[in-house]
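Here is the structure we will look at.
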Amino acid sequence: MPKKERYMLTSALPYANGPIHLGHLAGAYLPGDIFARYCRLKKRDVLYICGSDEHGVPIMLRARKEGVSPQQIVDRFHEMIKSSFERFGMSFDYYGRTSSPVHHQTSQEIFRTLAEKNVFVLKSEKQLYDPEARMFLADRFVRGVCPHCDYEDAYGDQCESCGTSLSPLDLINPRSAITNAVPVLKKTTHWYMPLAEFQPKLEKWIAGHPEWRSNVLGQIQSWFKNGLKDRAITRDLPWGVPLPEDVARKAGVDAEGKVLYVWFDAPIGYISATKEWAIRQGDPERWKPYWQDKDTKLIHFIGKDNIVFHCLIFPAVLMAHGDYVLPANVPANEFLNLEGNKLSTSRNYAVWLDDYLEKFEPDSLRYALAINMPETRDADFSWQEFQARHNNELADALGNFVNRSFTFIKKYFDGALPPAGDPDELDRQLLAQIETTRNQMAVLLDNFQFKEAAKTMMSLARFANKYFNDKEPWRTRKENPGVCATTLNLCVQTIHALAVLMNPILPFSSAKIWKMLQLPGTPDQANWDQIGREKLPAGHQLGELEILFRKLEDEVIQKEIERLRKAQEETSPEKPAPEYLSFEDFQKVQLRTARVIAAEAIPKARKLLKLQIDLGNEKRQIVAGLAEHYQPEELVGKTVVVVANLQPATIRGVESQGMLLAVKDDKKLVLITPEDATAPGREVS
Ligand SMILES: [Zn+2]
């Protein structure tokens, strides 16, 4: 027997600071789960790992705000996230957490190994320190004005307004996010990962992966082009994986109050969760082949905002260590927008998984996200599209085909699978379509093209539904019972094939069909390569029919759209609706050319000039605020544009019968004059 291919799959560790939303699912979780399920059906040796990322400043800030400990925050969100993932059908082999002892140990071991290999550089420098809270202000503990865009509330690590990544010392007028105190500069020592040194090695490694997604390679190349910068991988914070004391001692630095940077320890969470999985399997060494055997394919499923960490920083750490495999691929997804707008968790402009699962089935969302996955560019989720996908594709094509086939067999064949006779042309087409679908989907899934794979699966359901129509079994039942039996036999063979083909994307519906077909075990145990080859025998008894997808009504969908619209309105700053001028209104304004005949200053009015103008058939007097921009004599002889039907007014005791048009150019006023000399009194339109 050939050796099984080994896959180590990871999905980005969700940050235990809030619930999961659709953007997370489309980015890192659904693609990972589809791929893991597919690998299991392909009988590969696969392990799929995830867990909660429980360190970092935002968790501490939230804890302070709520007056609880960081541990209480992460305990709450770890449980919440874990449970909603389960209900969504995420099939992790293990879901860990970075506050666990195994993780702390593993992170410290890797850090220690790198320190012993003299990989790190130590730098002492002055950093911002809050004298009231008596702590250094790393990352999001400090806020201030962005030096790039003047945004007043930028974080110490990034400006949310212009997206620039910052360091706390870049901020103008920094203030502590804890006490609002003005920070002082205080000397501290930190360990740096010398990424600049690693760049040539990383470049060589990336050059060996031209098969990666172009959007991922593009981002990596731009990091290379700008030159990788050394990164501090320790922090002065009270929450995180403590800096190993022995390492600090050797360096002559006090370890007290120092922790590993969250982005150093978080990816190590994949390894420590694999270790915990192995311990639970009763074989603590079993994690090793998944991370240390050179034949293992390590694949990270992430969103594009994590590319730098998974494609450059973590691989540099693994390279430096030497015992680990490097990722075989990092199929990072782009972002998912919502109803045409950017998702925003702070403004509650998001669809939360927990909310969703209270009202709808997980498979409907899995399908809608898979078939619209932001693989190479941003995608948009809209509730109306969700409803249309559910009603027209899941219910009307897939569900209807299963339902009508079952109903027919229950009614006319006592629920037992009728025998298949010789296939005709259309029968052969259906059988061929099953083969093609299996082969095409395999190629697509192996290339992380989930969107196309979902489309291919649905094409088979549509084809089969049409096959049922074209074969007219309700007619052949009386005229040619053998043909009718063949038709229904093939329908059931197709349903069996679909149950496995759809399993990675629609696991819950796949399991329902499995039960309806009264097949042994579960569809997850099926063999992908047997799809369409393994046939159910004639006489096989079908189980109870279950409706797979109930149609979604407009009003249910409308409620969701309405909720998002309100979230958007409540939080976006009042934007006045543009006031349009109707054409009729515009036509009321009479614009005419006029020639300036005379101009003089008005005593005691510094800004005003009194002009005499010729409108062709009449002469008028106009007061204009031009004294600071033109000498009176400059104006005489000029052709200008005036509003001829403006209500006369008296300005500083001088009558004005119209208004001159001028352009406000910064602080200067420039008269509008026709390009060619024009006779006075002409209409301007
Ligand atoms: Zn900015």
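Taking the conditions (1) surrounded by fewer than 17 Cβ atoms within 10 Å (Cβ to Cβ); (2) out of contact with any Ser or Thr (no Cβ under 8 Å at 6 or more places or on another chain); (3) not charged (D, E, K, R) in turn, Q105 satisfies each one other than (2). Among residues of segment 251-287 being over 32 Å from the mean Cα position of the chain (by Cα) and part of a helix (DSSP H, G or I), the one that is farthest from V119 (Cα to Cα) is R280.
Would you point out which residue out of N372, N392 is under 27 Å from E334 (Cα atoms) and surrounded by fewer than 17 Cβ atoms within 10 Å (Cβ to Cβ)?
On the way: N372 fails: surrounded by fewer than 17 Cβ atoms within 10 Å (Cβ to Cβ).
Criteria check complete, one pass: N392.
Considering G282, G240, the condition of being on the phi > 0 side of the Ramachandran plot and surrounded by fewer than 18 Cβ atoms within 10 Å (Cβ to Cβ) is satisfied by G282 alone. If only residues of segment 578-602 that are surrounded by 13 or more Cβ atoms within 10 Å (Cβ to Cβ) and in a loop (DSSP other than H, G, I, E, B) are counted, the one that is farthest from the chain's Cα centre (by Cα) is Q590.
Of the residues making up segment 220-242, those that are touching a residue at least 60 places away in the same chain (Cβ under 8 Å) and under 19 Å from A316 (Cβ atoms) are I220, W223, L228, D230, R231, A232, I233, R235, V241. Filtering segment 286-301 to residues that are farther than 30 Å from F335 by Cα and either modelled with pLDDT under 95 or not polar (S, T, N, Q) (or both) leaves R286, W287, K288, P289, D293, K294, D295. Within segment 502-558, the set of residues being part of a loop (DSSP other than H, G, I, E, B), more than 25 Å from E452 (Cα to Cα) and of a type in the set (A, V, I, L, M, F, W, C) comprises L517, L519, L536, A538, L542, L545, I547.
Among the residues of segment 454-476, just one is surrounded by 21 or more Cβ atoms within 10 Å (Cβ to Cβ) and of a type in the set (K, R), namely K471. In this entry, K451 passes the filter for residues that are at pLDDT 95 or above, basic (K, R) and crowded, with 17+ Cβ neighbours inside 10 Å.
Would it be correct to say that R143 is within 14 Å of the ligand (Cβ to nearest atom), of a type in the set (K, R) and either modelled with pLDDT of 95 or more or surrounded by 13 or more Cβ atoms within 10 Å (Cβ to Cβ) (or both)? Full working, then the answer.
On the way: within 14 Å of the ligand (Cβ to nearest atom): yes; of a type in the set (K, R): yes; either modelled with pLDDT of 95 or more or surrounded by 13 or more Cβ atoms within 10 Å (Cβ to Cβ) (or both): yes.
Yes.
Going by the structure shown, is R112 away from the ligand (no atom under 16 Å from the Cβ), surrounded by fewer than 21 Cβ atoms within 10 Å (Cβ to Cβ) and farther than 30 Å from P504 by Cβ? Working first, answer last.
Numbers: away from the ligand (no atom under 16 Å from the Cβ): yes; surrounded by fewer than 21 Cβ atoms within 10 Å (Cβ to Cβ): yes; farther than 30 Å from P504 by Cβ: yes.
Yes, satisfied.
The strands (runs of 3 or more DSSP E) falling completely within segment 150-236 that include 2 or more residues that are away from the ligand (no atom under 16 Å from the Cβ), touching a Ser or Thr at 6+ places or on another chain (Cβ under 7 Å) and not assigned by TED's automatic domain parsing to the domain that holds F314 map to 184-193.
Out of curiosity, is E570 in contact with a helix residue (DSSP H, G or I) (Cβ under 6 Å, 6 or more places away or on another chain) and within 30 Å of F386 (Cβ to Cβ)? I'd like the intermediate steps shown before the answer.
Working: in contact with a helix residue (DSSP H, G or I) (Cβ under 6 Å, 6 or more places away or on another chain): no; within 30 Å of F386 (Cβ to Cβ): yes.
Judged against the criteria, E570 is not a match.
Restricted to segment 28-64, and to residues there that are of a type in the set (D, E) and in a strand (DSSP E or B), the residue that is nearest to N329 (Cα to Cα) is D45.
Of all residues in segment 115-138, those being in contact with a strand residue (DSSP E or B) (Cβ under 7 Å, 6 or more places away or on another chain), modelled with pLDDT of 95 or more and buried (at least 18 other Cβ atoms within 10 Å of the Cβ) number 1. Taking segment 122-140 as the range and being within 16 Å of the ligand (Cβ to nearest atom) and over 26 Å from A251 (Cβ atoms) as the test, only R140 passes. Just a yes or no: is a residue in segment 105-121 under 30 Å from L369 (Cβ atoms) and either over 22 Å from the mean Cα position of the chain (by Cα) or outside any helix (DSSP H, G or I) (or both)? No, segment 105-121 contains no residue that is under 30 Å from L369 (Cβ atoms) and either over 22 Å from the mean Cα position of the chain (by Cα) or outside any helix (DSSP H, G or I) (or both).
The values are calculated or read from the model by the stated rules, or taken from the named source; none is laboratory data. All of these numbers come straight from a predicted model, not from anything done at the bench. No Cβ is skipped: glycine too gets one built from the backbone with ideal geometry, and neighbour counts run over all protein chains shown.
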